[in-house]
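I have placed the structure first, in the form of structure tokens, so that the comments after it can refer back to it.
The values are calculated or read from the model by the stated rules, or taken from the named source; none is laboratory data. The shown structure was predicted, so the numbers you read here are calculated from the model rather than taken from an experiment. Cβ placement follows ideal geometry from the backbone for every residue including glycine, while neighbour counts extend to all protein chains displayed. Side chains included, ligands, DNA and RNA excluded: accessible areas come from the protein's heavy atoms. Shrake-Rupley method; radii C 1.70, N 1.55, O 1.52, S 1.80 Å.
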Amino acid sequence: MEQVSGFFDWLFGTRPGVLSLVVGGIVLFLLISLVLERRTRALYKNHERSDDDWDFFDQDDDDAEK
């Protein structure tokens with residue numbers, strides 16, 4: 001039990017521990033958002049594009065312009 005207590009003391013009581021919590025949270029939410037964006041693109045693949053549409057993950061438009 002002392003190891004678990006020591007880990008939580010480090011995690012919440014030191015700057016590197018809190019920094020690892022923040023960075024870990026950012027990475028976790030980034031992965032979740034990427035997975036959900038891919039699923040959404042696969043679900044709505046028949047969406048007709050207009051001039052106002054933009055896509056953060058699509059590199060196909062860049063290749064077509066060259």
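Details
- Subset of the stretch 33-64 [open to solvent by 100 Å² or more (accessible area, probe 1.4 Å) and modelled with pLDDT of 70 or more]: R38, R39, L43, Y44, K45, N46, E48, R49, D51, D52, W54, F56
- Close pairs from the stretch 19-46: first closer than 22 Å to D9 by Cα, partner modelled with pLDDT under 95 and not in a helix (DSSP H, G or I), Cβ under 6 Å, at least 6 apart: none
- Residues within the stretch 1-45 that are of a type in the set (A, V, I, L, M) and closer than 19 Å to D55 by Cα, tallied: 8
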